[in-house]
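Contents: one structure, followed by commentary.
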Amino acid sequence: MDLLQQIVARAKANKQRIVLPEAEEERTLRAADRVLADELADIILIGNPESIKADAEKYGLTHIDKATIIDPLNNPRSEEYAELLAELRKKKGMTIEQARELVKNPLYLGCMIIKTEGADGQISGALSTTGDTLRPALQIIKCAPGITCVSGAMLLITKQPQYGENGVVVVGDVAVTPMPDANQLAQIAVCTAQTAKSVAGFEDPRVAMLSFSTKGSAKHEVVDKVVEATQLAREMAPELKIDGELQADAALVPSVGAKKAPGSAIAGNANVLVFPNLEVGNIGYKLVQRLGDAIAIGPILQGIARPVNDLSRGCSVDDIYYMVAITACQAQSR
């Protein structure tokens, strides 16, 4: 069973309630129908019920009637949500009138449903920008306890089983925080290890904090940041297996790790890689994907108190289907 099949199987074993706020979009609706047919998750669709049902009939979708459909313009809980949103944002000056308008926005409405325990996660981005996806999540659901920055992890499925976890490596941050400070980098490490557990199914995440230096082989303030972040991550999560600073080859190749970082339990044995900044992370994973012919799954947003994930506007039905499974696996660990 490959990794995606494993993720789907874990999602099915403990069904979660996932909101799809772009329900009048064709790919989203097709993916929802497939999710419901496979009993992968319980689905909440936000959109005009008549339009959704008409589109389902037009596309030949036969399982949409199993979804809960919420009309954002005719929602009996709108006032309740507006009052709660105004309370959550009153220090930012939000009025009840502004809140009443915002809860008609499907992205905000979905996050209010999650906030009030009516759902476990949300996925958008087929029509919306990353900023539009993240804004209501951070305003309403907020970051997880002890976390102040959101980041994005990527699952890299390579053809090199000797590396990572049978060829699978989880990396972060590849999507959100451009220049993390030491504290933010430590948070990214802890969150990426959690994603490795909840999504990739790693029983034993082994985290390498990457740099161009291994154990003092080079001196620079950016190396110092990685060293400090490693210590902060250990303090945040004492149970976490983590070491740094390590060069990528020292993190992944046992013979190199033994030579460059003797005595390290992580060197040569890492299955989670934390990049020192977003520039390195984004370039690095794309090089592995293209030159190494690896499958890249993500980015998977992490650090939010409940999972909210972002899609590419060029996403496929398959992308949405598997992101539902990933979001469900994240929700299971909350």
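The values are calculated or read from the model by the stated rules, or taken from the named source; none is laboratory data. This one's a predicted model, so the numbers in the text were calculated from it and none came from an experiment. Using ideal geometry, Cβ is built from the backbone for each residue, glycine included, and neighbour counts are taken over all protein chains shown. Protein only, heavy atoms only, side chains kept; ligands, DNA and RNA dropped before computing areas. Shrake-Rupley method; radii C 1.70, N 1.55, O 1.52, S 1.80 Å.
Summary table
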| read-out | value |
| --- | --- |
| Rounded Å value of the spacing that divides the Cα centres of segment 305-325 and segment 174-251 | 26 |
| Surface per residue (accessible, 1.4 Å probe) for segment 293-334, Å² | 32 |
| Derived scalar couplings ³J(HN,Hα) [segment 292-298; Karplus, 6.51 cos²θ - 1.76 cosθ + 1.60; whole Hz; x for Gly, Pro] | x, 6, 8, 8, 10, 10, x |
| Listed residues Ile157, Ile69, Ala31: farthest to the positive end of the dipole of segment 28-178 (Cβ charges) | Ile157 |
| Lys, Arg +1 and Asp, Glu -1 on Cβ, resulting dipole of the chain about Cα centre, debye, nearest 20 | 620 |
| Cα-based helix-to-principal-axis angle, 278-291 vs the chain, degrees rounded to 10 | 90 |
| DSSP beta bridges in segment 97-256 [antiparallel fraction, %, rounded to 5] | 55 |
| Residue (of Pro238, Ile7, Ser264) at the positive-pole extreme of the chain, dipole from beta-carbon charges | Ser264 |
| Proximal aspartates and glutamates to Lys225, defined as alpha-carbon separation beneath 19 angstrom and excluding residues fewer than eight positions away on the same chain | Asp173, Asp181, Glu235, Asp243, Glu245, Glu279 |
| Packing-based order for 247-253, 183-189, using average beta carbon neighbours within 10 Å, highest first | 183-189, 247-253 |
| Burial ranking of peptide ranges 297-303, 309-315 (average Cβ count within 10 Å, highest at the top) | 297-303, 309-315 |
| GNM top mover of Met112, Met323, Met179 - the chain, alpha-carbon springs below 10 Å | Met179 |
| With Cα atoms, 0 to 90° folded angle of helix 221-236 axis to the chain main axis | 70 |
| Where only alpha carbons of segment 192-334 are counted, the Rg and the Dmax (Å) | 16.2, 47 |
| D (Stokes-Einstein, µm²/s), Kirkwood Cα radius, segment 40-88, 1.567 mPa s at 4 °C | 105 |
| Residues Lys219 and Glu39, FRET efficiency given R0 of 51 Å [Cβ-Cβ distance, rounded to 0.05] | 0.35 |
| Scaled radius of gyration (Cα, divided by 2.2 N^0.38 Å) that segment 161-245 gives | 1.07 |
| Nearest 10 degrees, 0 to 90: helix 182-198 Cα axis against the chain principal axis | 70 |
| Which of Gly201, Ile326, Ala186, positive extreme of dipole for the chain (C-beta unit charges) | Ala186 |
| For segment 86-134, the fraction of alpha-carbon pairs in successive 5 Å shells from zero, as % | 5, 19, 24, 26, 17, 7, 0 |
| Given the chain, longest segment not containing exposed loop GluC sites (Glu not before Pro) (DSSP; at most 15 other Cβ within 10 Å) | 240-334 |
| Diffusion coefficient, µm² s⁻¹, Stokes-Einstein with Kirkwood Rh over alpha-carbon pairs of the chain at 4 °C and 1.567 mPa s | 63 |
| Most fluctuating residue given options Val176, Val19, Val222, as computed from a GNM of the chain linking Cα atoms under 10 Å | Val222 |
| Within the chain, helix-based [θ] at 222 nm, where runs of 4 or more DSSP H residues each add -39,500 (n - 2.57), nearest 500 | -13000 deg cm²/dmol |
| DSSP bridge orientation in the chain - percent antiparallel, rounded to nearest 5 | 35 |
| Kirkwood estimate for segment 69-220, i.e. one over the average of 1/r between Cα atoms, Å | 18.2 |
| Rounded to the nearest 20 debye, dipole of segment 150-272 from Cβ charges on Lys, Arg, Asp, Glu | 340 |
| Isotropic mean projected area of the C-alpha convex hull, segment 1-116 (nm²) | 8.5 |
